[in-house]
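The structure appears below as structure tokens.
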Amino acid sequence: MPRVQYTSSDVDLVARMMRAEAEGEGRLGMLMVGNVIVNRLKANCLDFRGLRTIRQVIFQVQGGNFSFEAVQKGNVFYNPARSVERRLAKLTLDYWREHPSKYAL
């Protein structure tokens, strides 16, 4: 059973975010970005209460700015997700959790 419900377009969006936020950090860095997205969706704390979809998490606005730098700068829209990012996104959405991003928000 996956950690969160998702669609194929959610996988693509998470993969694009992983690439835009952490391409230079390698596979582990991209997995951590994906883990933060899932953690925010599952979190029941004040900052993330009411978020019910992956799209809402990625495009969330806090304090007048988007929560993720890649959305704020538009980088998430520049490059399509490659198969490697899609595979990592699906891995994160299905089950991947690891220190130090296991509980990161």
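Any read-out appearing in this document is the output of simple, stated calculations on the displayed coordinates, not a laboratory observation. What you see is a predicted model; the values in this text were computed from it and never measured. Glycine gets a Cβ as well: all are built from the backbone with ideal geometry, and neighbour counts include every protein chain shown.
Listed values (i) 13.9; (ii) 13.5; (iii) 14.7 include one computed from this model; for Kirkwood radius over Cα pairs in Å that value carries the label (ii).
Could you list which residues have their amide H under 5 Å from that of F66, counting only those 5 or more apart in sequence or on another chain, with H placed in the peptide plane? Placed amide hydrogens put nothing under 5 Å from F66. In the chain, a dipole from Cβ-located charges (positive for Lys and Arg, negative for Asp and Glu) runs towards its positive end, and of W96, Y78, M30 it is W96 whose Cα lies farthest in that direction.
Taking trypsin sites (Lys or Arg not before Pro) across the chain, the ones in a DSSP loop with at most 11 further Cβ atoms lying within 10 angstrom of their Cβ are R49, R52, K102.
Hydrophobic, long helices, defined as DSSP H runs whose alpha-carbon span along the helix axis is 30 Å or greater and whose mean Kyte-Doolittle value is at least -0.5, do not occur in the chain.
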